[in-house]
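Data block below; observations after.
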Amino acid sequence: MDIKKLQLPNGGFSWMPGGAINQYITQLITEKILHLQNLGIDISKYGLDDILKKSETIVQSEFINRYNKLKIDIEQGKDRYEANHLSSLIIHQLYINSFIKNSRYSDTYKEAHQFYLNQCITYFDQYSIACQGMIALALYRSGDTVNAEKIMEILNGKAYKDESLGMSWDYAPWYWYTQPIESQSIMIEAFHEIKNDKQTDALLKRWLLKNKEANRWISTKATASAIYALLMVGDKMPVKYEPFEIMIGKENLYVNEMESKSGYIHKQWIGTDIEKSKASIKIENPNDYQTWGSMTWQYFENIEKAGASENESLSLHKTMFKEVAGQKVQLNDSSIIHVGDKITICLAIEAKRDMEYVFLKDYRCSGFEPGKELSGYKWDNGFSYFESFRDASTQFFFDKLKSGKYTIEYSLYANLKGSYNNGYANIECMYAPFIRSRTQSMLITIEGDN
């Protein structure tokens, strides 16, 4: 869609075609064009320079109008200069105009601009992480490096840091100024420009990329922000690519050109070729940029010999209980179950990072049947999932799985005598299949009626 056709005659933009001007949408589009310009892209080639001039005028006019209205209210005794007159939109305006050279400001605008910058110094900590990052950038670009660095030190102290998952903050994705991806992108820009520490830059980018590893970036707006941050801070695209050296035990795994380009490598070993030493995997990256991947080892084994496995990001534990005199008694391999007994399956999930599209499959033996529960969505204190009862398993589908601990319980009834292996439960992030965990299976014995 031609963005020029969407611009209103006054230079602003509406949310939907044909609508009235929307200040935030106008500021957002202005911001994105300025981002392109900041990356060194000649925006005039795409006709964006004229669009930018018009939208800049609207942003500055709104800024001045707010300030003039405030001055009138103060003169009439309705307000005070010392009160907090900031808003997320004003902070965003300060950030947008920090990209624009002072020579393009009017005198009236400069007065309003300095007033709101002074407000930022006093009230910055009352706003979201993203807003604090925008404030720091606006102050820094205006020449106030002392207060900008002070804010960055405070933000650094609030951050969560993990060598594997990176550096981030608590984000609450309810408003445009608290969205996780956009907020992290602002943090990358602020820390890179103000602190310029390569180790911190790497941690901030790692969180952004690790988020993409197990989630989709939820909107085009989020994706554009992330790409801008990565392009601004990251190195240029490598001109030369050297293939990785992969050692499986003592064997050098040759990677052909096609596998190297696709990133997918498949190797099969049979029978005596499978050695204990192959459990050791070493990868050498000869390139000067960071990369990562995953390795999956598939094999066939009897179900009772398939042990439990865990991933550092996702774990699953399965326990079984039998109701005895109204009390739940945990079962083990030596427990006796009788036909007609009600069995409760308890699945304990622990996620150490946010994920999307998670699938849990809990196998059951032919000696059990589900009760009268129907397949469908279930909600429990903000935790929701789709539960589906199949012939040999119960399956659970999670649109989103936030970091935390969760417990799912459902009931089965013993209906056939015999000795069975009840199978294991398996949980997997479908977006990143290497993030998976499996429980141990359990032998059970079902006898006749009590």
Got a number for residues in the range 117-145 being free of Cβ contacts under 8 Å to residues at least 24 places away in the same chain and either within 29 Å of the chain's Cα centre (by Cα) or within 14 Å of residue 187 (Cβ to Cβ) (or both)?
-> 2
Take residue 155 and decide whether it is within 17 Å of residue 185 (Cβ to Cβ), of a type in the set (A, V, I, L, M, F, W, C) and either modelled with pLDDT of 95 or more or surrounded by 20 or more Cβ atoms within 10 Å (Cβ to Cβ) (or both).
-> yes
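Can you tell me which residues in the range 391-401 are surrounded by fewer than 13 Cβ atoms within 10 Å (Cβ to Cβ) and farther than 14 Å from residue 378 by Cβ? Spell out how you get there, then give the answer.
First, the residues of the range 391-401 that are surrounded by fewer than 13 Cβ atoms within 10 Å (Cβ to Cβ): 391-392, 399.
391, 392 - these are the residues of the range 391-401 that are surrounded by fewer than 13 Cβ atoms within 10 Å (Cβ to Cβ) and farther than 14 Å from residue 378 by Cβ.
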Restricting attention to the range 320-351, which residues are crowded, with 16+ Cβ neighbours inside 10 Å and of a type in the set (S, T, N, Q)?
-> 344
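Condition first: crowded, with 21+ Cβ neighbours inside 10 Å and either under 17 Å from the mean Cα position of the chain (by Cα) or not aliphatic (A, V, I, L, M) (or both). Now tell me which residues in the range 438-450 satisfy that. Break it down into steps so the answer makes sense when it comes.
Just the residues of the range 438-450 that are crowded, with 21+ Cβ neighbours inside 10 Å, to begin with: 439, 441, 444, 446.
Of everything in the range 438-450, those that are crowded, with 21+ Cβ neighbours inside 10 Å and either under 17 Å from the mean Cα position of the chain (by Cα) or not aliphatic (A, V, I, L, M) (or both) turn out to be 439, 441.
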So, first residue modelled with pLDDT under 85 in the range 227-251, second residue of a type in the set (Phe, Trp, Tyr), Cβ within less than 7 Å, six or more apart or across chains; the pairs are 235/289; 238/289
Identify, please: which residue in the range 372-387 is surrounded by 11 or more Cβ atoms within 10 Å (Cβ to Cβ) and more than 23 Å from residue 404 (Cα to Cα) and is, among those, nearest to the chain's Cα centre (by Cα)?
-> 375
Which of the residues that make up the range 16-47 are hydrophobic (A, V, I, L, M, F, W, C) and farther than 19 Å from residue 61 by Cα?
-> 16, 36, 39, 41, 43
Can you tell me which residues in the range 163-199 are in contact with a Lys or Arg (Cβ under 9 Å, 6 or more places away or on another chain), acidic (Asp, Glu) and surrounded by fewer than 20 Cβ atoms within 10 Å (Cβ to Cβ)?
-> 163, 170, 193
Checked against (1) within 21 Å of residue 35 (Cβ to Cβ); (2) in contact with a Cys (Cβ under 9 Å, 6 or more places away or on another chain), residue 151 satisfies every condition except (1)
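Check 139, 165, 203 and return the single one that is within 30 Å of residue 435 (Cα to Cα) and out of contact with any Phe, Trp or Tyr (no Cβ under 8 Å at 6 or more places or on another chain).
Step by step, each of 139, 165, 203 is checked, and only 203 is within 30 Å of residue 435 (Cα to Cα) and out of contact with any Phe, Trp or Tyr (no Cβ under 8 Å at 6 or more places or on another chain).
Taking the condition of being more than 22 Å from residue 36 (Cβ to Cβ) and either of a type outside the set (Asp, Glu) or in contact with a strand residue (DSSP E or B) (Cβ under 6 Å, 6 or more places away or on another chain) (or both), how many residues in the range 196-217 meet it? Steps first, answer last, please.
Applying the first criterion (more than 22 Å from residue 36 (Cβ to Cβ)) to the range 196-217 yields 196-200, 202-203, 206-207, 210-211, 213-216.
So of that shortlist, the ones also either of a type outside the set (Asp, Glu) or in contact with a strand residue (DSSP E or B) (Cβ under 6 Å, 6 or more places away or on another chain) (or both) come out as 196, 198-200, 202-203, 206-207, 210-211, 214-216.
The total comes to 13.
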Determine if the range 101-112 includes at least one residue that is buried (at least 20 other Cβ atoms within 10 Å of the Cβ), over 32 Å from the mean Cα position of the chain (by Cα) and part of a helix (DSSP H, G or I).
-> yes
State whether one or more residues within the range 322-344 are among the small types (Gly, Ala, Ser), modelled with pLDDT of 85 or more and more than 15 Å from residue 368 (Cβ to Cβ).
-> no
Yes/no for residue 244 being among the aromatic types (Phe, Trp, Tyr), farther than 24 Å from residue 157 by Cβ and surrounded by 14 or more Cβ atoms within 10 Å (Cβ to Cβ) = yes
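The values are calculated or read from the model by the stated rules, or taken from the named source; none is laboratory data. Just so we're clear, the structure is a prediction, and the values are computed from it rather than from any experiment. For neighbour counting, all protein chains shown are included, and Cβ atoms are generated from backbone atoms with ideal geometry for every residue, glycine included.
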